[in-house]
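Here's the structure we're looking at; comments come further down.
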Amino acid sequence: MKAEPQKEHQWLQKFVGEWIFEGEASMEPGKPPEKFRWTEKVRTLGDLWILAECQAEMPGCGPSATVLTIGYDPSKGKFVGTFVASMMTHLWVYEGTLDATGRVLSLDTEGPNMATEGKTAKYKDVYEFQSDDHRVVTSHMLGDDGQWHTFMTAEYHRKKPARRRK
């Protein structure tokens, strides 16, 4: 059962490479955002998946590591993926879509509510490619008020600019 890569799998190649990113996140409700700087290495798993691995100091958590996977499931017509982090026990499972411009990937998930212990909440991570070598990621949580609240924003810059095709 060998799956053939679709155009969506080819789109994921934009992520491949080494990135430096800086951002800020609200680590606890009611507290000011904390700044962070991480490095990320993204590689492929065959032609169908990307794996993004990060390591850095996480504010309030010390040395931390994360792994993100993203692929595309043609039977669902959606991008799918997972996220795990050394500082949390929840396995985040994603499903999402690419916008009509081909620049913005939105991934939806559900997990522990950061504002209310013991509850779950809906989350959305948005990956926007501003160029081949620059992307912005924002993370949002759906609040009890029915509004999406941004709790993390990060600017990613490729360590070595992508080669331009002639």
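I'd like the Karplus ³J(HN,Hα) series for segment 145-152: coefficients 6.51, -1.76, 1.60, θ = phi - 60°, whole numbers in Hz, and an x wherever there's a Gly or Pro. Those phi angles translate into 7, x, 9, 7, 10, 6, 10, 8 Hz.
Of the cross-linked pairs 31/78; 31/76; 41/78; 14/124; 2/160, which ones have a Cα-Cα span greater than 31 Å in the structure shown? Listed pairs above 31 Å: 31/78; 31/76; 2/160. Rounded to the nearest whole Hz, the Karplus-based 3J(HN,Hα) values (6.51 cos²θ - 1.76 cosθ + 1.60, θ = phi - 60°) of segment 90-102 follow the sequence 8, 8, 8, 10, 9, 8, x, 9, 9, 6, 5, 6, x, with x at glycine and proline.
Within the listed set 47, 132, 145, the Gaussian network model of the chain (springs between alpha-carbon atoms below 10 Å) gives the highest mean-square fluctuation for 145. The residue among 17, 109, 153 whose Cα reaches farthest toward the positive pole of the charge dipole of the chain, with charges on the beta-carbon of Lys, Arg, Asp and Glu, is 17. Protein heavy-atom accessible surface, 1.4 Å probe, per residue over segment 96-166: 63 Å².
Over the alpha-carbon set of segment 86-166, divide Rg by the Kirkwood Rh and report the Rg/Rh ratio to two decimals. The Rg/Rh ratio comes out at 1.06. Atom-type composition of the exposed protein surface of the chain places 52 percent of the accessible area on carbon and sulfur (1.4 angstrom probe). For segment 5-77, the extents of the C-alpha atoms along the principal axes are 43, 25, 15 Å, listed from largest to smallest. Close amide H pairs (under 5 Å, H built 1.01 Å from N) link residue 110 with 93, 123, residues at least 5 positions away or on another chain.
The values are calculated or read from the model by the stated rules, or taken from the named source; none is laboratory data. These numbers come from a predicted model, not from an experiment. Glycine also receives a Cβ, built like all others from the backbone with ideal geometry; neighbour counts cover every protein chain displayed. Note: areas computed on protein heavy atoms with side chains; ligands, DNA, RNA excluded. Shrake-Rupley method; radii C 1.70, N 1.55, O 1.52, S 1.80 Å.
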